[in-house]
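Structure first, commentary second.
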Amino acid sequence: MRTAINVICLDRPGMLRDIAGVVAKMGGNIVYTQQFVVERGVNLGKASVYMEIDGLTEDAGAMVEELEALDPIFEVTVHKTFEKIYGSRVIIIGGGAQVAQVAVGAVSEADRHNLRGERISVDTIPLVGEAAIADAVSAVSRLPRASILVLAGALMGGRITEEVKRLQEEGIPVIALKMAGSLPDQADLVVTDPIQAGTFAVMHVASTAVFDISRVRGREF
């Protein structure tokens, strides 16, 4: 079972190593981590370290006690994992007006499935320009829980198409609005209506839906 903890500690070199050492001692494997400064000080501030851990051979309470025994640690709390709280992520990138319309469809459909016990979240970012959009597409594979990408715009190609191909090779499908450029030929699915594009994206992610993008790959709706 996966365990999630959040540690508030001194912001100093070696802190992450010390925490990871305790986790390893308990047989745990850190599968996800993020850290950031929560309070800056003249000498040392405070940092927040969040971890999701698999394979603990000891009770999580024993790990918490050992972590709290370290002087530089102020607080250790146990939480539900991001997967249980936020679930799969639908990512929407592109022009502001089109992104907003795709989000309408995605949020409405996600709400329907989340009421039935799913956990699906929708992330959006309106961007302009080939370089900015291509960088964002490239980063999708580094986003935890990212399950599908929708690209919304009037013209996309070049480096954007290249990054989409790499993303698909990593197992993340891509839906594109009907648009000019080389992107539609590379996308897994092309959809004319942005609201429907958002709906399709969520239906693919949801386990309570019967839609599977692999069965309509290469088609246009």
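The values are calculated or read from the model by the stated rules, or taken from the named source; none is laboratory data. What you are looking at is a predicted structure, and each value in this text was computed from that prediction instead of being measured. Here Cβ is always computed from backbone atoms with ideal geometry, including for glycine, and neighbour counts include all displayed protein chains.
Details
- Scan of region 84-109 for residues that are at pLDDT 95 or above and β-branched (Val, Ile, Thr), ordered by number: Val90, Ile91, Ile92, Ile93, Val99, Val102, Val104, Val107
- Taking region 61-79 as the range and being surrounded by 16 or more Cβ atoms within 10 Å (Cβ to Cβ) and farther than 15 Å from Ala24 by Cβ as the test, the residues that pass are Val64, Pro72, Ile73, Val76.
Quick grid of which residues meet (1) without any contact (Cβ under 8 Å) to a residue 60 or more places away in the chain; (2) among the polar types (S, T, N, Q); (3) within 13 Å of Ile148 (Cα to Cα):
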| site | (1), (2), (3) |
| --- | --- |
| Glu170 | yes, no, yes |
| Met179 | yes, no, no |
| Asp185 | yes, no, no |
| Thr192 | yes, yes, no |
| Ile195 | no, no, no |
| His204 | yes, no, yes |
| Asp212 | yes, no, yes |
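- Test: residue in region 17-31 that is under 29 Å from Leu115 (Cα atoms), under 22 Å from the mean Cα position of the chain (by Cα) and free of Cβ contacts under 8 Å to residues at least 60 places away in the same chain: yes
- Candidate set from region 84-100 (those that are in contact (Cβ under 8 Å) with a residue 40 or more places away in the chain and assigned to a helix (DSSP H, G or I)); member that is surrounded by the most Cβ atoms within 10 Å (Cβ to Cβ): Val99
- Scanning region 43-60 for residues that are surrounded by fewer than 15 Cβ atoms within 10 Å (Cβ to Cβ) and among the polar types (S, T, N, Q) turns up Asn43, Thr57.
- Of all residues making up region 203-221, the number that are in contact with a Gly (Cβ under 8 Å, 6 or more places away or on another chain) and of a type in the set (A, V, I, L, M, F, W, C): 0
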